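Each reported figure results from applying straightforward, stated rules to the coordinates on display, with no laboratory input. Since the structure is predicted, the reported quantities are computational estimates derived from the model, not experimental observations. All Cβ positions, even for glycine, are placed from backbone atoms using ideal geometry, and neighbour counts span all protein chains on display.
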């Protein structure tokens with residue numbers, strides 16, 4: 001009788017351990033699935049990260065969304081083309097990058113950003129075509145206010 005109780009207790013305990021191990025395995029599998037999904041999301045987002053390109057490298061990648069760092073090119077009579085009466089959504093201008101590459105930029109979302117002519121450089125987001133860079137967004141690096149203040153201080157000291 002004692003042996004029968006011990007056997008029943010042993011098998012009940014054994015069955016409980018197997019059930020707990022199965023639950024533990026399910027939880028481990030669930031954790032692994034969550035980790036795999038997280039890694040998949042991170043990898044898919046890495047493809048959307050963009051670095052800054054030069055104009056020459058952008059011309060080699062037509063149609064691909066990228067970021068250009070350039071400054072306004074006003075040499076040789078180039079100017080900003082914007083006519084609010086004719087087409088208030090059309091803006092075009094030429095830019096030059098740090099390596100000397102130049103291209104025309106077409107921005108179809110309205111008027112020029114404030115102080116565009118005075119900007120030290122711009123970050124242009126968009127796609128390159130055969131004839132121009134089609135810009136979706138323009139970020140202006142404004143002239144440093146500290147340079148202006150420094151100039152005022154130096155003229156005041158004289």
| In nm, what is the difference between 0.36 nm times the number of residues separating residue 131 and residue 39 and their Cα-Cα distance? | 29.2 nm
| task | Compute the FRET efficiency between residue 52 and residue 32 as 1/(1 + (r/R0)^6), taking r as their Cβ-Cβ distance and R0 = 35 Å, and round to the nearest 0.05. | result | 0.40
| For the pair residue 139 and residue 90, how long in nm is the line joining their label points, each one 7 Å along Cα→Cβ? | 2.9
| request: Just order 77-83, 97-103 by mean Cβ neighbour count inside 10 Å, highest at the front, would you? | output: 97-103, 77-83
